[in-house]
Amino acid sequence: MIGRLGQAATTALSALAFVAASGPALSQSPPAATTVIRAARILDGRGATLTNAEVVVTDGKIVRVGARTAVPAGARLIDLGARTVLPGLIDAHSHLTWYFNRQGRYHTARDGDTPVQSMLAAAANAAATLNAGFTTVESPGSPEDKDLREWIETQGLPGPRVVTSLNSISRGSPDTLRQLVRQRKEQGADLIKLFASASIRDGGTQTLTDEQIAAVCSEARSQGLRVMVHAHSKESVMAVARAKCTEITHGVFADQESLDLMAANGVYFQPQCSLVFSNYLDNRAKYDGIGNYNAEGFAAMERALPLAAEVIRKALATPNLKLTYGTDAVAGAHGRNAEDMICRVQKSGETPMHVIVSATSVNAEAMGLGNRIGSIAAGYEADIIALDGDPVADITNVRRVSFVMKGGKVVRNDGTAQTASIR
Ligand SMILES: [Zn+2]
């Protein structure tokens with residue numbers, strides 16, 4: 001993925017060189033090589049707040065953050081006034097390919113939609129996600145992510161940077177599992193997604209032996225791949241933590257002992273607070289009757305809501321445990337990816353700054369991209385968003401995204417005052 005990000009930057013540079021060489025087009029719409037972004041406050045994604053500062057962006061990268069100075073000749077000034085700037089948000093768990101079909105039902109392989117129609121739906125989800133301020137998502141996962149990732153990266157499709165596991169892994173002998181890890185790597189996966197427990201709708205009990213889990217996580221480690229493991233029950237969480245897999249997603253039934261083991265073994269914890277459950281419950285008619293989306297399944301999700309808030313509360317109080325931010329956004333949830341930030345503050349007592357850092361620099365670090373995205377700092381990709389209002393004072397301001405820049409390109413700016421003046 002790092003290689004690909006670098007490649008995208010190189011492509012952008014050579015595209016600029018091509019435009020410059022081709023002559024006339026340049027004078028009609030001069031590409032502002034340097035953009036200066038000013039706002040009342042800038043949250044750097046690592047816990048610091050700068051006031052009345054500016055971010056300078058050149059060729060898609062942040063080159064300076066700090067006190068305001070004279071705007072360089074020819075640079076574009078984007079003055080965001082009273083707004084709050086922060087790094088593009090990262091959702092470490094989003095299923096962009098999940099959608100509701102035109103009959104208002106959750107799309108399945110047999111509903112008659114063509115692969116093209118499914119891809120268009122995924123493209124719409126990607127655009128909604130980007131507009132909501134999420135400039136990177138991690139998808140665990142679907143084979144279609146590969147094309148989505150490439151079209152967003154190189155073909156101008158609007159969407160967040162996509163990091164994907166491609167197909168998930170859920171069964172096989174230890175040897176087969178090791179083989180599957182190597183196969184995913186060859187197929188272009190950025191990480192491995194492993195199911196070590198059943199769905200919460202089926203009780204969440206452990207589905208792989210400790211030996212199978214260890215086989216996947218040790219093979220991935222030797223292949224330089226991270227592993228995100230789906231685990232709900234305490235036993236499955238303990239097994240995954242013992243195997244030192246990279247990250248545990250869900251963990252609704254994790255207790256203090258298992259949280260402590262995650263912390264001791266440096267395993268990131270990615271809990272969901274409410275969006276995934278409330279989205280299913282709010283859209284019950286669209287899912288009902290498909291697979292384990294039945295009365296029992298919906299009841300299990302209703303029960304999970306308070307448990308999830310409580311396990312996050314415990315996790316926050318667990319020394320050295322790092323919490324990432326992943327909503328498990330499915331059909332109906334795309335574009336509402338910031339809702340768990342609000343839930344984590346309101347239901348689990350997390351501070352707004354802590355959850356913002358979780359959804360930016362901690363997520364980037366957990367994804368192995370900590371030196372490229374997730375921070376507003378010199379040398380980082382210019383993934384920059386702005387909110388109308390201060391999220392530290394009121395976390396619900398994360399719903400008020402009004403500016404999105406990805407890789408130095410403005411994809412959304414709802415503001416009216418003093419924007420985009422060329423000096
Ligand atoms: Zn998921």
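So the values come out like this:
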| item | result |
| --- | --- |
| Peptides ranked, highest mean first, by Cβ atoms within 10 Å: ranges 283-289, 149-155 | 149-155, 283-289 |
| 5 angstrom amide H check on residue 192, placed H, neighbours 5+ away | 226, 227, 228 |
| Beta bridges per DSSP with both ends in the chain, % antiparallel, nearest 5 | 55 |
| Virtual spin-label span in nm between residue 100 and residue 150, 7 Å along Cα→Cβ | 3.2 |
| Neighbour-count ranking [beta-carbon atoms within 10 angstrom, fewest first] of 71, 330 | 71, 330 |
| Partners for residue 185 among lysines (Cα-Cα distance below 28 Å; same-chain residues under 8 apart left out) | 146, 193, 244, 322, 406 |
| At R0 = 25 Å, FRET efficiency that the Cβ-Cβ distance of residue 413 and residue 52 yields, to 0.05 | 0.80 |
| Amide H contacts of residue 161 (H built 1.01 Å from N, under 5 Å, at least 5 apart or other chain) | 136, 137 |
| Spin-label proximity, residue 285 to region 71-114 - amide N less than 17 Å from point 7 Å beyond Cα toward beta carbon | 100-107 |
| Protection-proxy order for peptides 113-123, 156-166, 80-90, 199-209, each taking the mean of Cβ atoms within 10 Å per residue, highest first | 80-90, 156-166, 199-209, 113-123 |
| 10 Å beta-carbon shell around residue 39, net charge (K/R +1, D/E -1) | +1 |
| Backbone HN-Hα couplings from phi across region 48-62 [Karplus 6.51/-1.76/1.60, Hz, Gly and Pro as x] | 9, 10, 10, 10, 6, 10, 8, 10, 10, 10, 10, 6, x, 10, 6 |
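Bear in mind that the values in this text are calculations on the coordinates, not laboratory data. Note that this is a predicted model, so its numbers are computed, not measured. We place every Cβ from the backbone using ideal geometry, glycine too, and count neighbours over all the protein chains shown.
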